[in-house]
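Q: Structure incoming, see below.
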Amino acid sequence: MTDSHTFQYEFPPRISTLPIRGSKTVFPVRRVYCVGRNYIDHIREMKEADEREPPFFFQKPTDSVVQDGATVPYPPDTTDFQFEVELVVAISRAGRNISAGRARDHILGYAVGIELTRRDRQREMREKMLPWERGKSFDFSSPCGALQRATVIGHPSSCAITLTVNGSLKQSGDISHMIWNVPEIIANLSSSYKLEPGDLIFTGTPAGVGAIQVGDRLEGAVVGVGTVTITIGPMDGSPPSPGLKSLN
């Protein structure tokens, strides 16, 4: 057994972080949860079935989080690389089986994210009834803007959510159109997982998702929350993930 007084890491561990607007502290990311099919118009454009099924979740790697302004390399293993703008919820208080009525007590704040997807791989996995990881859980697939504290902006429930590609509007909706709102998402998710400080929840996307190419500039926005902007770079020479810090 290793002596705790002489214990050392084999290599420095790394954590992903997000800035908190107006604060000198940063938010260390623990887990990244994503809600599937949470806007009716997106369900319809993807030709999915029941429009009021219980929410389902998948996870992305913590180090898939990249900060605002990053250049995201075009990923391998796809010819259909797509964007999905989403409201992101940041958790600051642990809990299990959280009621919808108490869910907001566990929220630090909100941000704007772009959930990137290898759509061809996602469809392939779905048709084979296999997990979605190959289509969803890859490097640099979770760009996210700075967090805004709920104590500053409140808890948004009805505001515009948009995404532009090279200045052209591609997605436009309102977070009030979510099938499952944020408190309901937290209540459902916490019935299966104990939520902990550092968890991020991507809450789903409206209609208008589409393919992107090298050189494209994407800007996601949620009115009253903020923005996130990324540029799609070439596949080779992938840069380090912004916001990924080594702990020495």
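The values are calculated or read from the model by the stated rules, or taken from the named source; none is laboratory data. This one's a predicted model, so the numbers in the text were calculated from it and none came from an experiment. No Cβ is skipped: glycine too gets one built from the backbone with ideal geometry, and neighbour counts run over all protein chains shown. Accessible surface areas use protein heavy atoms only, side chains included; no ligands, DNA or RNA. Shrake-Rupley method; radii C 1.70, N 1.55, O 1.52, S 1.80 Å.
Q: Give me the Kirkwood hydrodynamic radius of segment 59-138, using the inverse of the mean 1/r over all pairs of distinct Cα atoms, in Å to one decimal.
A: Value: 14.8 Å, from the Cα pair sum.
Q: Is there a quick way to get the dipole size of the chain? I mean about its Cα centre, with the Cβ of Lys and Arg at +1 and of Asp and Glu at -1; what is the value in debye to the nearest 20?
A: Working: 27 positive and 28 negative charges, 113 e Å.
The dipole of the chain has a size of about 540 debye.
Q: Normalised radius of gyration for segment 27-185, please: alpha carbon Rg relative to 2.2 N^0.38 Å, two decimal places.
A: It is 1.04.
Q: Also, quick follow-up: Just tell me the longest site-free run in the chain, where the sites are chymotrypsin sites (Phe, Trp or Tyr not before Pro) in a DSSP loop having at most 15 other beta-carbon atoms within 10 Å. Could the numbers behind the result be given before it?
A: Working: sites that count: F7, Y9, Y193.
Between exposed loop sites, the widest span is 10-192.
Q: Excluding residues on the same chain fewer than 8 positions from K245, give the lysines whose Cα lies under 22 Å from its Cα.
A: Partners within reach: K24, K60.
Q: Given +1 on the Cβ of Lys and Arg, -1 on the Cβ of Asp and Glu, and no further charges, what dipole in debye does segment 126-248 carry about its Cα centre, rounded to the nearest 20?
A: So the dipole magnitude of segment 126-248 works out to roughly 60 debye.
Q: For an R0 of 22 angstrom, estimate the FRET efficiency from the Cβ-Cβ distance between S168 and T79 and round to the nearest 0.05.
A: Working: r = 21 Å, r/R0 = 0.97.
E between S168 and T79, to the nearest 0.05, is 0.55.
Q: Something else: Given only helices, namely DSSP H runs of n ≥ 4 each adding -39500 (n - 2.57), what is the per-residue ellipticity at 222 nm of the chain, to the nearest 500 deg cm²/dmol? Provide the component values of the computation, followed by the final result.
A: Numbers: 5 runs with 31 residues, N = 248.
Helices in the chain give a 222 nm mean residue ellipticity of -3000 deg cm²/dmol.
Q: I would also like to ask the following. Compute and list, largest first, the equivalent-ellipsoid semi-axes of segment 129-211 from the alpha carbon gyration tensor, each √(5λ) rounded to a whole angstrom.
A: On the way: eigenvalues 99, 83, 41 Å².
Semi-axes (√(5λ), whole Å): 22, 20, 14.
Q: A further question on this structure: Below 8 Å between Cα atoms, with a sequence gap of 6+, how large is the relative contact order for segment 84-174 in percent?
A: It comes to 28 percent, rounded to a whole number.
Q: On a full-extension model of 0.36 nm per residue, what is the gain between S192 and K245, subtracting their alpha-carbon distance, rounded to one decimal in nm?
A: 16.1 nm
Q: Expressed as a whole percentage, what fraction of the accessible surface of the chain belongs to carbon and sulfur atoms when a 1.4 Å probe is rolled over the protein heavy atoms? Could the numbers behind the result be given before it?
A: Working: 5920 of 11840 Å².
Its accessible area is 50 percent carbon and sulfur atoms.
Q: Could I have the simple spin-label model distance between E124 and E184, label points 7 Å from Cα toward Cβ, reported in nm to one decimal?
A: 3.5 nm
Q: For segment 91-111 and segment 184-209, what is the separation of their Cα centres, given in Å?
A: 10 Å
Q: Please calculate how many Å² of accessible area segment 17-138 carries per residue, with a 1.4 Å probe and no DNA, RNA or ligand atoms counted.
A: 45 Å²
Q: Same structure, new question: Taking +1 at the Cβ of each Lys and Arg and -1 at the Cβ of each Asp and Glu, which of I175, Y110, N97 sits farthest along the dipole of segment 62-192 towards its positive end, judged by Cα position relative to the Cα centre?
A: Comparing the listed Cα positions along the dipole, N97 ranks first.
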